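Peer 1: Once you've had a glance at the structure underneath, I'll fire off some questions.
Laboratory data are not the source of any read-out in this text; all were calculated from the coordinates shown. All values reported here derive from a predicted model rather than from experimental measurement. Quick reminder, even Gly has a Cβ in these numbers, built from the backbone with ideal geometry, and neighbours come from all protein chains shown.
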Amino acid sequence: MRPFVAGLDAVAWSPSAVTIGTFDGVHLGHQELVRRTVERAREERLRALAVTFEPPPQLVLRPETFPGRLCTPAERDAALLAAGADGVVVVPFTRNTAALSPESFVGRLVELAGLRLLVVGEDFALGRGRAGDVARLREIGAREEMAFAVEAIGRIGLGPEPLSSTAIRTAVREGNVATARHLLGRSFRISGEVIHGKKLGRTIGFPTANVVPPADLVPLADGIYASWAWLPGDAAPRPAITYVGNRPTVNSGARLVETHLLDFDGDLYGQELTVDLLERLRPDAEFPSLDALIAQMRTDEAAARVVLAREGAVAVAS
């Protein structure tokens, strides 16, 4: 079966094993859930579907508390397919969706996606008031008109650290991208079109490709990071240093992600640049002069090259 991403109404009926979640970041726990769904689907000769929601439920129900995404919707869908799902089903989330009973929601999955097996975490719940916990879903699935089984898997741990999107967001906000990468199974990533800036970097020997971070991405702590940069068509990453902040030394104000590609000379304007953050080298700082800033940037470059040399043997496209 050719992998696909589609809305629920566009999914042709076929017997399916389904897992459901917001899947923000598609971290290692999510990947294990998809892996188990695929494994059981192959055993039962079903297709394996990952059902997710857009926008994220919290952004609709409690927008004032929404902490930001760990990845874009396109990156989420690609990661779910990369984890092995035959298809990703994106359900538009509205307050009407939130008001559906568990019976109504899974009934649509039975009718439109051929639900035969539901694979979820043991603390999973869906439907109005989160009434559809594992026990309730098993009761619903046992009905003759529903006829699906429910398999619940235990929460995935990773050493002493909690494996959750919440823990990863905390790490990103604190600039601890090494921990975020450990929990995600890949680097925290920022992508966007390279825009024109003030071009100060090129005058001091550090030309940068400037990207406005996606508005609803979890905010990354300001500072300097060792990073890999990817351009369209790249088969391997390019070593880079990335700055996140509002450039207090030159009083620029606007918050940008600025990436200096090491040992690179070329025009990047208008291209899509993807940056994988490996390690935070230092927090942002204001310097007394441009000369002091340049001296610090040279120190940052040397530190970044040490990190990149260490990571080079394991750099792979994700």
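Peer 1: Going by how many other Cβ atoms sit within 10 Å of their own, how do His30, His182 line up, fewest first? Could the numbers behind the result be given before it?
Peer 2: On the way: His30 27, His182 17.
Going from least to most buried by this count: His182, His30.
Peer 1: Can you tell me the dipole magnitude for the chain around its Cα centre, using point charges on the Cβ only (Lys, Arg +1; Asp, Glu -1), in Debye to the nearest 20?
Peer 2: Details: 35 positive and 39 negative charges, 42 e Å.
Result for the chain is approximately 200 debye, rounded to the nearest 20.
Peer 1: Using Cβ contacts closer than 10 Å as the measure, can you line up Thr65, Thr94, Thr52, Thr179 from fewest to most? Intermediate values should be presented prior to the final figure.
Peer 2: Details: Thr65 8, Thr94 13, Thr52 24, Thr179 17.
Lowest to highest Cβ neighbour count: Thr65, Thr94, Thr179, Thr52.
Peer 1: Pick out, from Ile241, Phe264, Leu117, the residue whose Cα sits farthest towards the positive end of the charge dipole of the chain, with +1 on the Cβ of Lys and Arg and -1 on the Cβ of Asp and Glu.
Peer 2: Farthest towards the positive end: Leu117.
Peer 1: Which residues does the label zone of Ser101 cover in the range 133-158, counting backbone N under 19 Å from a point 7 Å along Cα→Cβ?
Peer 2: Only 133-148 fall inside the zone, counting backbone N under 19 Å.
Peer 1: Given the C-alpha centroids of the range 17-37 and the range 63-86, what is the distance between them in whole angstrom?
Peer 2: If you average the Cα positions of each part, the centres end up 10 Å apart.
Peer 1: I would also like to ask the following. So if each residue of separation counts as 0.36 nm, and I subtract the Cα-Cα distance between Arg45 and Thr94, what length gain in nm does that give? Show your work: numbers first, answer last.
Peer 2: Working: separation 49, 0.36 × 49 = 17.64 nm, distance 3.31 nm.
Fully extending the segment from Arg45 to Thr94 adds 14.3 nm.
Peer 1: With r as the distance between the Cβ atoms of Glu286 and Ala74 and R0 = 45 Å, compute the FRET efficiency 1/(1 + (r/R0)^6) and round to 0.05.
Peer 2: For Ala74 and Glu286, the calculated efficiency is 0.80.
Peer 1: Loop only per DSSP, at most 12 neighbouring Cβ atoms within 10 Å: give me the trypsin sites (Lys or Arg not before Pro) in the range 92-162, ordered by residue number.
Peer 2: Values: sites: Arg95, Arg108, Arg116, Arg128, Arg130, Arg136, Arg138, Arg143, Arg155; in loops: Arg143, Arg155.
Passing both the DSSP loop test and the Cβ count: Arg143, Arg155.
Peer 1: Percent relative contact order of the chain, based on C-alpha pairs within less than 8 angstrom and at least six residues apart?
Peer 2: Details: 595 pairs, mean separation 50.3, N = 318.
So the answer I get is 16 percent.
Peer 1: Have a look at Val306, Pro283, Ala171 and report the one farthest towards the positive end of the charge dipole of the chain, computed about the Cα centre with Cβ charges (Lys/Arg +1, Asp/Glu -1).
Peer 2: Ala171
Peer 1: Quick one: Phe264, Phe23, fewest Cβ neighbours within 10 Å first, how do they rank?
Peer 2: Numbers: Phe264 14, Phe23 27.
Going from least to most buried by this count: Phe264, Phe23.
Peer 1: Any chance you could run the full-extension gain for Thr166 through Leu61? It's 0.36 nm times the residue separation minus the Cα-Cα distance, nm to one decimal.
Peer 2: Numbers: separation 105, 0.36 × 105 = 37.80 nm, distance 1.74 nm.
Result: 36.1 nm gained on full extension.
Peer 1: Between Ile156 and Ala295, with labels modelled 7 Å along Cα→Cβ, what's the label distance in nm to one decimal, could you check?
Peer 2: Label at Ile156, label at Ala295, 4.8 nm between them.
Peer 1: Relative to the first principal axis of the alpha-carbon coordinates of the chain, what is the inclination of helix 73-82, with its axis defined by its Cα atoms, in degrees from 0 to 90 and to the nearest 10?
Peer 2: With both axes taken from Cα atoms, the answer is about 70 degrees.
Peer 1: Check Arg282: other-chain or 5+ apart residues with amide H under 5 Å from its amide H, H built from backbone geometry?
Peer 2: Distant-sequence amide H within range of Arg282: Ile224.
Peer 1: How large is the charge dipole for the range 183-314, taken about the Cα centre, if only the Cβ atoms of Lys, Arg (+1) and Asp, Glu (-1) carry charge, to the nearest 20 debye? Present the calculation step by step, with values, prior to reporting the outcome.
Peer 2: Details: 13 positive and 17 negative charges, 31 e Å.
The calculation lands at about 140 debye.
Peer 1: Looking at (1) 0.93; (2) 1.06; (3) 1.04, which value of Rg/Rh (Cα atoms, Kirkwood Rh) comes from a calculation on the structure shown?
Peer 2: Of the listed options (1) 0.93; (2) 1.06; (3) 1.04, (3) comes from this structure.
Peer 1: Taking every DSSP beta bridge that has both residues in the chain, what percent is antiparallel when rounded to the nearest 5?
Peer 2: In the chain, DSSP labels about 60 percent of beta bridges as antiparallel.
Peer 1: Say a site is exposed when it is one of the GluC sites (Glu not before Pro), sits in a DSSP loop, and has at most 16 other Cβ atoms within 10 Å; what is then the longest site-free stretch of the chain?
Peer 2: Numbers: sites that count: Glu122, Glu144, Glu145, Glu174, Glu286.
That would be 1-121.
Peer 1: Next up: Length gain on complete extension for the stretch Asp222 to Arg130, per 0.36 nm per residue less the alpha carbon to alpha carbon distance?
Peer 2: On the way: separation 92, 0.36 × 92 = 33.12 nm, distance 3.68 nm.
Once the chain is fully extended between Asp222 and Arg130, it gains 29.4 nm.
Peer 1: Might you report the magnitude of the Cβ-based charge dipole of the range 1-115 about its Cα centre, with Lys and Arg at +1 and Asp and Glu at -1, to the nearest 20 debye?
Peer 2: Working: 12 positive and 13 negative charges, 22 e Å.
Computed about the Cα centre, the dipole is about 100 debye.
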